[in-house]
Amino acid sequence: MAVIKHPAQRVGVFIDTQNLYHSAKHLYKARVNFAKVLEEAVGGRILVRAIAYVISTESGEETNFFEALTKIGIETKVKDLQVFADGAKKADWDVGLAIDAVKLSEKLDTVIIASGDGDFVPLIEYLDMHGMQVEVISFGKSSSAKLKEAAHAFTDMDIDPRKFTITSRG
C-alpha cells in the first residue's frame with residue numbers, strides 16, 4: 001500500500017513508552033531518545049498531539065523523565081505500577097493508548113504508534129477500516145511481524161540505533 005506523507009498532513013503520535021524502553025535496554029543497553037523518535041515519526045508534518053503512556057513507581061524516580069518528555073512536546077499519561085500480593089508487577093497501557101487513538105482519529109490524517117507490540121494489530125485494522133493511515137515506529141528486532149505487516153508504513157529504528165538511543169557514558 002502506498003503511504004502518503006505531505007506537510008499538511010495532521011498526525012498524532014501514541015508512544016508505548018515501556019515497550020520502547022525495554023527494547024532499547026535489551027537490544028542496545030541504552031535509553032530511548034524520544035525527541036528523535038518524535039521527530040522521525042512526525043517527519044515534517046503537522047503534529048496535532050503526541051502522547052507517551054508512562055508508569056510511575058512509589059519511589060518517584062521517573063519524575064525527571066516525565067518532565068523531559070513534556071519539554072520536548074510530548075504529553076504524558078501516567079498510571080501507577082500495580083504490585084500484587086505475590087510480588088508480581090503489572091503496568092499496561094495498551095487499552096488506554098488504543099482508546100485515545102480511536103477518539104483522536106477524527107482530528108487526524110495519520111495515527112502513528114510507537115511500539116513493537118503485536119497487541120496493537122486490531123487497533124491498526126480498526127483505524128484502517130475507518131480510512132486512517134496508520135504508521136508504526138519501533139525497533140524492528142523486537143517488533144511483532146504481524147504489527148509490521150498491518151501498518152501502512154513501518155519505520156525500523158534498528159536501521160540507525162545510534163540516532164534513536166542514548167548510551168550512558170561512564
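Scan the stretch 37-67 for residues that are of a type in the set (Gly, Ala, Ser), modelled with pLDDT under 95 and not in a loop (DSSP other than H, G, I, E, B) and jot them down. Working first, answer last.
Keep residues of the stretch 37-67 that are of a type in the set (Gly, Ala, Ser), which gives 41, 43-44, 50, 52, 56, 59-60.
Still in the list and also modelled with pLDDT under 95: 56, 59-60.
Once the filter is applied, which keeps residues that are of a type in the set (Gly, Ala, Ser), modelled with pLDDT under 95 and not in a loop (DSSP other than H, G, I, E, B), the stretch 37-67 yields only 56.
Can you name the residue in the stretch 43-64 that is buried (at least 16 other Cβ atoms within 10 Å of the Cβ), hydrophobic (A, V, I, L, M, F, W, C) and without any contact (Cβ under 8 Å) to a residue 40 or more places away in the chain and, of all such residues, is farthest from residue 135 (Cα to Cα)?
If we take residues in the stretch 43-64 being buried (at least 16 other Cβ atoms within 10 Å of the Cβ), hydrophobic (A, V, I, L, M, F, W, C) and without any contact (Cβ under 8 Å) to a residue 40 or more places away in the chain, then 55 is farthest from residue 135 (Cα to Cα).
Restricting the first residue to the stretch 152-167 and requiring it to be farther than 18 Å from residue 19 by Cβ, which pairs with a second residue that is small (Gly, Ala, Ser) and surrounded by 12 or more Cβ atoms within 10 Å (Cβ to Cβ) meet a Cβ separation below 7 Å and a spacing of at least six or different chains?
Close Cβ pairs (under 7 Å, with a partner that is small (Gly, Ala, Ser) and surrounded by 12 or more Cβ atoms within 10 Å (Cβ to Cβ)) amount to 167/30.
Restricting to the stretch 131-155, give me the number of residues that are surrounded by fewer than 21 Cβ atoms within 10 Å (Cβ to Cβ) and acidic (Asp, Glu).
So the count comes out to 1.
Out of all the residues in the stretch 111-129, which are farther than 13 Å from residue 98 by Cβ and outside any helix (DSSP H, G or I)?
The answer is 112, 114, 116.
Checking the condition under 23 Å from residue 56 (Cβ atoms) and either modelled with pLDDT of 95 or more or surrounded by fewer than 15 Cβ atoms within 10 Å (Cβ to Cβ) (or both), which residue from 128, 100, 158, 109 passes?
That would be 100, the only listed residue that is under 23 Å from residue 56 (Cβ atoms) and either modelled with pLDDT of 95 or more or surrounded by fewer than 15 Cβ atoms within 10 Å (Cβ to Cβ) (or both).
The values are calculated or read from the model by the stated rules, or taken from the named source; none is laboratory data. For clarity, every value in this text was computed on a predicted model and none was experimentally measured. Every residue, glycine as well, gets a Cβ built from its backbone with ideal geometry; the counts of neighbours run over all protein chains shown.
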